[in-house]
Amino acid sequence: MKYEVVIGLEIHAELSTQSKVFCGCSTAFGAEPNTNVCPVCLGMPGALPVLNKKAVEYIVRAGLALNCEIANYSKMDRKNYFYPDLPKAYQISQFDLPFCKGGYLNIQADGKEHTVGITRIHLEEDAGKLVHTPGGTLVDYNRSSMPLIEIVSEPDMRSAKQAVEYAKAIRNILLFAKVSNCKMQEGALRFDANVSVRPFGSKSYGTRTEIKNLSSFKMLQKAIDYEYQRQVSMIEKGEKIRQQTLRWNESSNRIIALRSKEDAHDYRYFPDPDLLPVILSDAFIEDVRSKMPQMPEEKKKMYIEQFQLSEYDAEVLTANSELCAFYEEVLQDYNEPKIAANWVNVELMALLNQSDMLVEELPFAACDMAQLLQNIQSGKISGKMGKGVLADMFETGKSPEEIISAKGLSQISDTAELEKIADEVLANNPASVADYRAGKEKAIGFLVGQVMKATKGAANPQSVNEILRTKLNE
Amino acid sequence: MRLCDMPLYQLSAMLDEKSISAKEIAQDVMKRIGEANATVGGYITILDEKEIMESAQKTDERIAAGARRSKIDGIPYALKDNMCTKGIRTTCSSKLLENFVPVYNATVYEHLINAGGVLVGKADMDEFAMGSANENSALSFTRNPWDTKKVAGGSSGGSSATVASGQAVFSLGSDTGGSIRLPASFCGITGFKPTYSAVPRYGVIAFASSLDQVGPLTKDIRDTAIVLDEIVKYDDKDSTSAKIATNYAQNLNNNIKGMRIGVDASLVEATDEDTKAAVLTAIEKFKEMGCKIVDLSFNHNEIMVAAYYIISSAEASSNLARFDGMTYGVRREGENVIDTYVNTRSWGFGPEVKRRIMMGTFVLSSGYYDAYYKKALQDRTLIKHNFDAAFELCDCVLSPTTIFTAYDAGKKLEHPTDAYMSDVFTPMANIAGLPAASIPCGFAKNGMPIGLQLIGNSYQEQTLLNMAYAYQQETDFHLQRPKMTGEGEKDEV
Amino acid sequence: MQISSDDVKRLAELSRLAFNEEEIAQMQENLVDMIQYADRVNATACDMQAKEHILPLHNVFREDVVQESLSNDEALKNAPESEEMYFKVPQVMEDE
Ligand SMILES: [Mg+2]
Ligand SMILES: [Zn+2]
């Protein structure tokens, strides 16, 4: 029998607020342990939470970007459980009245478009970080009470590939909406995957397991593949799948079950009496909508209509928010959208792909790229030279100016000098001159080539061509 | 009368007149603590004498410079030990917090620091404010100054007994279901629970967040108004804090003619003979002063008490989960983390606290939430509605504060719910978030004080203060002082 | 409402409390009492919508402004155990 995998994702994304969700501590990454903490996020006796307004604005923005309905009335609840990373022994989260419900996202995967339903998006606080050492467990509460949104999807994905594409698309949307920096290496984006299998054609769902805390797309892919195989082989052996919480162990590349005792949790959710309800007026929601940064669909339309980019170029740029942001930054100093798009999509992408790097890892800034394109535009260097300079920039992180002058690449645009060289070439190649004058247009090509050779390619071929013609027609 | 037995407003006036110094007041209070601490008790932590005297000295310097900060500048006071005081241990009377020294101040304490009050010590209480006799303290003891064989009432028993015995001029307590009013009634002083949201809860260790409210315990309603003026303030660190403009002391007046007082006769009937007689006499007194009595029927009283126990236990079970020995407090190590949690909490909490945690866990647990917790919230909404309707008919509600007067310490109750049944008149103000006061209205035949409860509509603190003020102008119950051991004289009034 | 000793054990586990057999019996009795009392909430046919708060307040927010945190010393001041700049807790198994 053939089995189909059914996947739903819960995605935790950290919001890019300056301060935490219930206290004024900084959200800056990389601080020394337990220095961005206060009585509130340490859960000290008597301390009380106050909700960060920006966090509410951001979750509404995320909800709008993911086509959700925004609740006019929501509230914060307490989720009660004991764990050393949770200083109050409850997490402030949302239970029955989340800020956003009923959205969707279209993704491209397995060569087709799919729609993934979004059940809800709720606001909650993060927990602290445990550091395991042989002598005991250490806790850093800097991350405690960082603002998180949890995006819960419908079980609409049917392959690990789809799940990864969905996760990437969510990341892209959150980046475009500017609500999260989504830095995976900093834990700003984490996935929980709900996985079950069923025979193809079956309408009912199998028993699902939940794989917690996957922190990269690769892990997501590997964990789902592994879990699919595991469940299928269990079913084939006639064993029953148990509903349980699992953890992907990256070092051993396998899934480990958390103690079953942990599964028997009864979180005893109830409305947090320390926090008051949030009532969002339609006017507030419209205000957030009107201040929304441009979303990919909108940008794509603008690129095609105003910048006259091809559908393909517009698609490539808007499918990657960092690339898109880089492109728009280039345009700030170099206002030739079509040329810039070509350089970004073709030349830059080729370099990135070759070395398996991300746009945000580029060793140079968008303004450097703009500078390079200006140099080509002005004729200082040729387009062909430009590609070489870009490769050098990519390699060394040096500015285009630096590279051009260091390698003496500057095109000879001094007409007087070019004319001198042209005269020499004409004098040394009488046969070609005669051919041209006899009507053999092609002969000019050889002459241009001779000038370029004499200048070691530093001349602008266009200019050389013009100079030679003028002289030959004299 | 000794300075330590005088009300705040009098001492304050004397300080302004420079007829006494703050140091003299502090000295007399310290002396009284020495006399009463072994018999009445009431404190968990008493500050160093040097520290107290320095604080009083600063007031005297301000007075000399003509810069007295407020009417409580220079007045010695006590704080219930559930209010965080930076650098001064704050225990909630629990073994778990025996060594806890906060690194931050409760907002109410900040206000009293700014007003120039002289903190004397941290008052004893029932562990985590759970109890009504102050017999659930794990770290200290408190007895009734009128008869030290009897209980002081709880949970703010220390806050009440210290004021009644002259070990503090006033104190702050907290009231979740009557914890200010009950001990005030038992100890013959004035206790006031403000409207929920009036006084900042930041830094006050929570019992039940939606019910807790801090308020003053004083010897005179004028003192109450003075203290309220300092602590009823908006706090941006407390989401449930309201913005209210106050000037209670200034606006205090005894013209209560025409005020309508709601009375549910069945509540008065439910009390012991002495209490009933005293309350009926008080009602007559109010009539004499020109008030109208309106008949009310609180047929929701039993539901109300049940709803109170469900909501308060549910919130407590969650609020007290943080006492797990991980980041502060005492830890009792086990084999692993889970054992450590269990060892710490099983060792650290007293039986009453454990009962409430278990009850709270039950009413929130899956399968029971709707039948108990949610239903209690519904009933709470209903009770609030009933009060709204009652306040269409009257300006305040009058009842006894307690069913009986202070009883013998160490009395064993057969069922824990018997204790809950004994304080049935006070939780309604918390459930509906209303301001309520208990004022002395007489003495039982055995000499123990009796309290009268007045409940007002939301944010109508001034109405209650005026009613109580008018009453205290006409009566002298609040002027009586218990005879303190070691003193030969009977205090004159 | 019946409460079994297993119910008591389950509630104790959720509450991170432990009781010996005698205490369990006592707690069982207490809980039965308390729940019986609590059952009175069901005495009214109240279908009123349960409000989470009796306060007529909503939308209480703070602005997204960073405020001073505690120093590491202050944060760890009450810690039962600490190491370097961290709180220390008993060994938590990562994959238990
Ligand atoms: Mg979550
Ligand atoms: Zn903080």
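From the list B:Ala249, B:Ala242, B:Ala225, exactly one residue is small (Gly, Ala, Ser) and part of a loop (DSSP other than H, G, I, E, B). Which is it? Break it down stepwise before answering.
On the way: B:Ala249 fails: part of a loop (DSSP other than H, G, I, E, B); B:Ala225 fails: part of a loop (DSSP other than H, G, I, E, B).
Going through B:Ala249, B:Ala242, B:Ala225 in turn, just one is small (Gly, Ala, Ser) and part of a loop (DSSP other than H, G, I, E, B): B:Ala242.
Can you name the number of the only condition in (1) more than 30 Å from A:Pro271 (Cβ to Cβ); (2) away from chain A (no Cβ under 13 Å); (3) aromatic (Phe, Trp, Tyr) that C:Tyr86 fails?
Checking C:Tyr86 against (1) more than 30 Å from A:Pro271 (Cβ to Cβ); (2) away from chain A (no Cβ under 13 Å); (3) aromatic (Phe, Trp, Tyr), the one that fails is (2).
Using the structure shown, decide if B:Lys219 is in contact with a Ser or Thr (Cβ under 9 Å, 6 or more places away or on another chain) and closer than 30 Å to C:Gln67 by Cα.
Working: in contact with a Ser or Thr (Cβ under 9 Å, 6 or more places away or on another chain): yes; closer than 30 Å to C:Gln67 by Cα: no.
Taking the combined requirement at face value, the residue does not satisfy it.
Out of the residues in the range A:2-21 that are more than 21 Å from C:Glu63 (Cα to Cα) and more than 16 Å from ligand 1 (Cβ to nearest atom), which is modelled with the lowest pLDDT? Spell out the reasoning first.
We begin by selecting, within the range A:2-21, every residue more than 21 Å from C:Glu63 (Cα to Cα); these are A:2-12.
Next, from what is left, pick out any that are more than 16 Å from ligand 1 (Cβ to nearest atom): A:2-7.
Values: A:Lys2: 90, A:Tyr3: 94, A:Glu4: 95, A:Val5: 96, A:Val6: 97, A:Ile7: 98.
Once the filter is applied, the top-ranked residue is A:Lys2.
For the range B:119-136, what are the residues that are out of contact with any Lys or Arg (no Cβ under 9 Å at 6 or more places or on another chain) and not in a loop (DSSP other than H, G, I, E, B)?
Hits for the range B:119-136 are B:Leu119, B:Val120, B:Gly121.
Considering only residues that are open to solvent by less than 10 Å² (accessible area, probe 1.4 Å) and more than 11 Å from chain C (Cβ to nearest Cβ), look in the range A:22-46 and name the one that is farthest from ligand 1 (Cβ to nearest atom).
Filtering first and then ranking leaves A:Gly46.
Looking only at residues that are open to solvent by 20 Å² or more (accessible area, probe 1.4 Å) and in a loop (DSSP other than H, G, I, E, B) in the range C:80-94, which one is nearest to ligand 1 (Cβ to nearest atom)? Write out each step before concluding.
First pass over the range C:80-94, keeping only residues open to solvent by 20 Å² or more (accessible area, probe 1.4 Å): C:80-86, C:88, C:91, C:93-94.
Still in the list and also in a loop (DSSP other than H, G, I, E, B): C:80-81, C:84-85, C:91, C:93-94.
On the way: C:Pro80: 28, C:Glu81: 29, C:Glu84: 30, C:Met85: 27, C:Gln91: 25, C:Met93: 22, C:Glu94: 19 Å.
Going through the qualifying residues, I end up with C:Glu94.
How many residues are open to solvent by less than 10 Å² (accessible area, probe 1.4 Å) and either under 20 Å from B:Arg222 (Cα atoms) or among the hydroxyl-bearing types (Ser, Thr, Tyr) (or both) if we restrict to the range B:441-471?
17
How many residues does the range B:310-348 contain that are open to solvent by 20 Å² or more (accessible area, probe 1.4 Å), in a helix (DSSP H, G or I) and in contact with a helix residue (DSSP H, G or I) (Cβ under 9 Å, 6 or more places away or on another chain)?
Of the residues in the range B:310-348, 4 are open to solvent by 20 Å² or more (accessible area, probe 1.4 Å), in a helix (DSSP H, G or I) and in contact with a helix residue (DSSP H, G or I) (Cβ under 9 Å, 6 or more places away or on another chain).
Residues that are open to solvent by 10 Å² or more (accessible area, probe 1.4 Å), over 24 Å from B:Gln462 (Cβ atoms), small (Gly, Ala, Ser) and at pLDDT 95 or above: does the range B:140-158 have at least one?
yes
What residue, among those in the range A:57-108 that are of a type in the set (S, T, N, Q) and touching a Ser or Thr at 6+ places or on another chain (Cβ under 6 Å), is nearest to ligand 2 (Cβ to nearest atom)?
A:Asn80
In the range C:15-30, is there at least one residue being within 8 Å of chain A (Cβ to nearest Cβ) and at pLDDT 95 or above? Spell out the reasoning first.
To start, the set of residues in the range C:15-30 that are within 8 Å of chain A (Cβ to nearest Cβ) comprises C:16.
Filter again for at pLDDT 95 or above, leaving C:16.
Yes - at least one qualifying residue is present in the range C:15-30.
What are the residues in the range A:348-402 that are among the hydrophobic types (A, V, I, L, M, F, W, C) and open to solvent by less than 10 Å² (accessible area, probe 1.4 Å), if any? Steps first, answer last, please.
Our first condition is that a residue be among the hydrophobic types (A, V, I, L, M, F, W, C); within the range A:348-402, this holds for A:348-352, A:357-359, A:362, A:364-367, A:369-370, A:372-373, A:376, A:381, A:385, A:389-391, A:393-394.
The answer is A:Leu348, A:Leu352, A:Ala366, A:Met369, A:Ala370, A:Leu372, A:Leu373, A:Ile381, A:Val389, A:Leu390, A:Met393.
Answer yes if at least one residue in the range C:2-14 is out of contact with any Pro (no Cβ under 8 Å at 6 or more places or on another chain), facing another protein chain (nearest Cβ under 7 Å) and open to solvent by 40 Å² or more (accessible area, probe 1.4 Å), and no otherwise.
Within the range C:2-14, not a single residue is out of contact with any Pro (no Cβ under 8 Å at 6 or more places or on another chain), facing another protein chain (nearest Cβ under 7 Å) and open to solvent by 40 Å² or more (accessible area, probe 1.4 Å).
So is C:Glu52 modelled with pLDDT of 95 or more, open to solvent by 20 Å² or more (accessible area, probe 1.4 Å) and either away from ligand 2 (no atom under 16 Å from the Cβ) or within 14 Å of chain A (Cβ to nearest Cβ) (or both) or not?
So C:Glu52 fails the test.
Just need a number here: residues in the range A:50-65 that are open to solvent by 10 Å² or more (accessible area, probe 1.4 Å) and either closer than 14 Å to A:Met146 by Cβ or within 16 Å of ligand 1 (Cβ to nearest atom) (or both).
Counting residues in the range A:50-65 that are open to solvent by 10 Å² or more (accessible area, probe 1.4 Å) and either closer than 14 Å to A:Met146 by Cβ or within 16 Å of ligand 1 (Cβ to nearest atom) (or both) gives 2.
Could you name every one of the strands (runs of 3 or more DSSP E) located completely within the range A:72-174 that has at least 1 residues being more than 14 Å from chain B (Cβ to nearest Cβ) and away from ligand 1 (no atom under 16 Å from the Cβ)?
Numbers: elements: A:77-80, A:90-93, A:100-109, A:112-125, A:129-133, A:136-140, A:147-153.
In the range A:72-174, A:100-109, A:112-125, A:129-133 are the strands (runs of 3 or more DSSP E) which contain 1 or more residues that are more than 14 Å from chain B (Cβ to nearest Cβ) and away from ligand 1 (no atom under 16 Å from the Cβ).
When you go through (1) charged (D, E, K, R); (2) touching a Pro at 6+ places or on another chain (Cβ under 8 Å); (3) more than 9 Å from chain A (Cβ to nearest Cβ) one by one for B:Glu302, which number turns out not to apply?
(2) is the only condition that B:Glu302 fails.
Suppose we filter the range A:125-175 for residues that are open to solvent by 20 Å² or more (accessible area, probe 1.4 Å), under 30 Å from A:His114 (Cβ atoms) and within 16 Å of ligand 2 (Cβ to nearest atom); how many remain?
Total meeting the criteria: 0.
Just for the range A:304-319: of the residues that are exposed (fewer than 14 other Cβ atoms within 10 Å of the Cβ) and part of a helix (DSSP H, G or I), which one is nearest to the chain's Cα centre (by Cα)?
So the first thing to find is which residues in the range A:304-319 are exposed (fewer than 14 other Cβ atoms within 10 Å of the Cβ), and the list is A:305-306, A:308, A:311-312.
Narrowing the set further to residues that are part of a helix (DSSP H, G or I) leaves A:305, A:311-312.
Values: A:Glu305: 25, A:Glu311: 20, A:Tyr312: 19 Å.
Here the residue is A:Tyr312.
Scan the range A:55-62 and give yes if some residue there is part of a loop (DSSP other than H, G, I, E, B) and not aromatic (Phe, Trp, Tyr), otherwise no.
Narrowing the range A:55-62 to residues part of a loop (DSSP other than H, G, I, E, B): none.
No - not one qualifying residue is present in the range A:55-62.
Inspect the range A:73-93 for any residue being assigned by TED's automatic domain parsing to the domain that holds A:Gln231, touching a helix residue (DSSP H, G or I) at 6+ places or on another chain (Cβ under 7 Å) and open to solvent by 30 Å² or more (accessible area, probe 1.4 Å) and give the result as yes or no.
The initial filter retains those residues of the range A:73-93 that are assigned by TED's automatic domain parsing to the domain that holds A:Gln231, namely A:73-93.
In the following step, the residues that additionally are touching a helix residue (DSSP H, G or I) at 6+ places or on another chain (Cβ under 7 Å) were identified as A:78, A:80, A:82, A:84, A:87-90.
With open to solvent by 30 Å² or more (accessible area, probe 1.4 Å) added as a condition, the list becomes none.
The answer is no, given that none of the residues of the range A:73-93 is assigned by TED's automatic domain parsing to the domain that holds A:Gln231, touching a helix residue (DSSP H, G or I) at 6+ places or on another chain (Cβ under 7 Å) and open to solvent by 30 Å² or more (accessible area, probe 1.4 Å).
Restricted to the range B:359-407, and to residues that are within 14 Å of chain C (Cβ to nearest Cβ) and among the small types (Gly, Ala, Ser), which residue is nearest to B:Ile189 (Cα to Cα)?
Of everything passing the filter in the range B:359-407, B:Ala389 is nearest to B:Ile189 (Cα to Cα).
The values are calculated or read from the model by the stated rules, or taken from the named source; none is laboratory data. Just so it is clear, the structure is predicted and the values come from calculations on it, not from any experiment. Cβ coordinates were reconstructed from backbone atoms using ideal geometry, including for glycine residues, and neighbour counts include every protein chain displayed. The accessibility values were calculated without ligands, DNA or RNA, using every heavy atom of the protein model including side chains. Shrake-Rupley method; radii C 1.70, N 1.55, O 1.52, S 1.80 Å.
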